[in-house]
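Reading through the structure tokens given below for one structure.
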Amino acid sequence: MAKFAIYVSLKAKPGKEKDVETFLKQGAEMSKREAGTMNWYGLKEDEGHYSVFDTFDDEAGRDAHLNGEIAKALMANAATLFSEAPQIHKIDILADK
């Protein structure tokens, strides 16, 4: 069972929704190269509201992800794509199915 996660809340700038969706699809592909990332989800929550949820077996995998290529790309594109700074939450998973 994955014990660690990250939840990132994203709010697209008006007119940038398709660009955010493309970015999230690219992030999913990039995550396949991260050995410590167990699951990676790009989500559309509501019009203009998106999120990322990913899981890790250990803190080392989560830290590697937070310092990896996807995180760098997120921060490099934040001012262009998002109306607010991405809200990054470290989460501990207590139970799963």
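What follows is calculated from the coordinates using simple rules that are stated; it is not laboratory data. Owing to the predicted nature of the structure, the values given are computational and were not obtained by experimental measurement. Cβ coordinates were reconstructed from backbone atoms using ideal geometry, including for glycine residues, and neighbour counts include every protein chain displayed.
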Longest principal axis of the chain (C-alpha) makes with the long axis of helix 69-81 (C-alpha) an angle, in degrees to the nearest 10, of 20
Hypothetical label at M1: residues of the stretch 61-97 whose amide nitrogen lies under 14 Å (7 Å Cα-Cβ projection)
92-97
Across 10 Å bins from the origin, how do the percents of Cα pairs in the chain run, short distances first?
16, 51, 28, 5
